[in-house]
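Working notes, structure below.
Coordinate-derived values only; no laboratory data. Because the structure is a prediction, the values reported are computed rather than measured. Note that we place each Cβ from the backbone using ideal geometry, even for glycine, and neighbour counts take in every protein chain shown.
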Amino acid sequence: MYDIAIVGAGINGCSVAYEFLQEGKSVILFDKESVAAGGSGAAGAFISPKFSKSGELREMLDAAFSYSLNYYKTNFPHSFQASQLLHIAKDDKDDAMIGEYKKNPAFKLEKASQEVLDSLTEMAKRREHISLNAAIVNAQSVCQEMSKSAKFVREKVENLRYDDGFWLINETYAAKEIVLATGAYEKVIKEPYIDVRGIWGHRVDVQTSSKNPYSLHQFVSISKSSEIDGKNLLAIGATHNIHYHPDKNKEPYDIEKGRAELLEKAAQTINLKDVKIIKDYVGLRSGSVDYMPLLGSLILSDETIENCGNRLQDKRISYDEFSYYPNLYIINGSGGYGFVLAPYLAKILKEFILSGKKIDKSIAPARYFARWARRRK
């Protein structure tokens, strides 16, 4: 019997595992492949804020960015690399947005060095930009470090059954609590209101004679150069093809075409020379339809419909009136900001499970159910 079972070993699942391991809890972690095998393994794992207009998502990401920057640096220094970030506008609209963002008092802005400005293309130099302290983490190694003290089971979870105060997983393993961190690949619990979309990610690691002293974000994300065995390496990545899903598309993803597109977009920002491909990473990231993550308890839709009836049409109905699965939770829908949000959300989820601290309604799965129930005839 484990204190907690986590289904999905991407950055969300591994962050939750780490939080509970730090509390002395026994943790079992399931994945049908391996740790950081899917979208998390394909991520560039940039730790940066969201450059956009104000709103709930930006406020959450600003808080998560500050929290996660210190979290990785303190707990996983071997997987952490501090990196100045230069975010460059893509178009006139972005120029105006970055101009407004520079007024944000939450971040200490830096002046971009002449070295990095000289490395940019003429088109990129003409755009508005913003520079601040940020970081990159090694996606695979940080997930491995987070989960190393958990029991890892390479197995697809196809059956969950609640029985007399605990959950049975595939009729073999038992746990008091379950956290679903499956991303966009599968639904272990088939509830109709859960609407998570897949967003295909692609990262290519290259060797190049070009030096890049900063992380660059414009049309794609380009990492700070790192020197390994005398070779100058950098990673180029993006949430690349929002329409591709490996389980739905008939044709396999065209890695060479995707790679060419990434390199073409990167070349609009930085002058890349003598490029040699080292390795491609691809995977499906999960996003929500309202762009906010999903965190907290899952609703039993049939029971809630039966118990609440017509009151579900009232937008003022309290989420406390809904019926919930016992000791079953979800963490999902972080989109391209998984490595920024995961530690922050995992901490909130731990405090909810162990201490009963409430989760904000803006990220609770109950918001999805409430909308779905009102639309239901």
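To test your reading of the geometry: what angle, between 0 and 90 degrees and rounded to tens, separates the Cα axis of helix 11-22 from the longest principal axis of the chain?
Computed tilt is about 70 degrees.
Volume per residue, Å³, of the convex hull around the alpha-carbon atoms of the chain?
Numbers: hull volume 58.3 nm³, N = 377.
Spelled out: Cα convex hull of the chain, divided by residues, is 155 Å³.
Given the convex hull over the Cα atoms of the stretch 26-93, what projected area results after averaging over all orientations, in nm²?
Details: hull surface 29.3 nm².
Dividing the Cα hull surface by four gives the mean projection, 7.3 nm².
In percent, what relative contact order does the stretch 6-161 have, based on Cα pairs under 8 Å that are 6 or more apart in sequence?
Details: 222 pairs, mean separation 61.5, N = 156.
Across the stretch 6-161, relative contact order equals 39 percent.
What list do you get for Met97, Met1 if you sort them by fewest beta carbons within 10 Å? Each step should come with its number before you reach the end.
Values: Met97 18, Met1 9.
Ordered by Cβ neighbours within 10 Å, fewest first: Met1, Met97.
Report the Rg/Rh value for the stretch 193-278, based on alpha-carbon coordinates and the Kirkwood definition of Rh. Can you show the working numbers first?
Values: Rg = 14.8 Å, Rh = 14.0 Å.
When Rh is taken as the Kirkwood radius, the ratio is 1.05.
What ranking do Tyr291, Tyr2 get, fewest neighbouring Cβ atoms within 10 angstrom at the top?
Going from least to most buried by this count: Tyr291, Tyr2.
Between Gln268 and Leu109, what length comes free when the chain is fully extended (0.36 nm per residue of separation minus the Cα-Cα distance, one decimal in nm)? Display every interim value, and only then the final one.
Numbers: separation 159, 0.36 × 159 = 57.24 nm, distance 2.41 nm.
Working it through step by step, the gained length comes to 54.8 nm.
Just from its helices, what would the mean residue ellipticity at 222 nm be for the chain, if runs of 4 or more DSSP H residues each count -39500 (n - 2.57) and the sum is divided by every residue, rounded to the nearest 500 deg cm²/dmol? Show your work: numbers first, answer last.
Working: 10 runs with 109 residues, N = 377.
Value at 222 nm, helices only: -8500 deg cm²/dmol.
Explain nothing, just the number: relative contact order of the chain, from Cα pairs under 8 Å at least 6 residues apart, as a whole percent. Spell out each step's value before the answer.
Numbers: 786 pairs, mean separation 87.4, N = 377.
That works out to 23 percent.
How about the stretch 49-88: which trypsin sites (Lys or Arg not before Pro) there are in a DSSP loop, with at most 12 other Cβ atoms within 10 Å of their Cβ? Present the calculation step by step, with values, prior to reporting the outcome.
Numbers: sites: Lys50, Lys53, Arg58, Lys73; in loops: Lys50, Lys53.
Passing sites in the stretch 49-88 are Lys53.
Can you give me the relative contact order of the stretch 148-193 as a percent, contacts being Cα pairs under 8 Å and 6 or more apart?
Over the stretch 148-193, the number comes to 25 percent.
Taking Rh as the Kirkwood radius, which is the inverse of the mean 1/r over Cα pairs, what is the Rg/Rh value for the stretch 105-179? Kindly include the intermediate steps, with their values, before the conclusion.
Details: Rg = 24.0 Å, Rh = 17.9 Å.
Radius of gyration over Kirkwood radius for the stretch 105-179 works out to 1.34.
Which value in nm describes the separation of the simple spin-label points at Thr121 and Ile277, placed 7 Å from the Cα toward the beta carbon?
According to this spin-label approximation, the distance is 2.0 nm.
How far apart, in nm, are the 7 Å Cα→Cβ label points at Asp302 and Tyr162?
Each label point is offset 7 Å from its Cα along the Cβ direction, giving 1.3 nm.
Counting other beta carbons within 10 Å of each Cβ, put Lys279, Lys102 in order, fewest first. Please list the in-between numbers first.
Details: Lys279 9, Lys102 14.
In order of increasing Cβ crowding within 10 Å: Lys279, Lys102.
Give me P(r) over the stretch 108-150, computed from all C-alpha to C-alpha distances, binned every 5 Å, as integer percentages.
For the stretch 108-150, the pair-distance distribution reads 5, 15, 18, 14, 10, 11, 11, 8, 5, 2.
Suppose we look only past 16 Å in the calculated P(r) of the stretch 124-239. What percent of the Cα-Cα pairs does that tail hold? Walk me through the numbers on the way to the answer.
Details: 5031 of 6670 pairs.
It works out to 75 percent of all Cα pairs.
Counting only Cα, what are the radius of gyration and maximum Cα-Cα distance Dmax of the stretch 234-377, in Å?
20.6, 66
Testing the spin-label approximation: label points 7 Å from Cα along Cα→Cβ at Glu171 and Lys90. State their distance in nm.
Those two pseudo-labels are separated by 4.9 nm.
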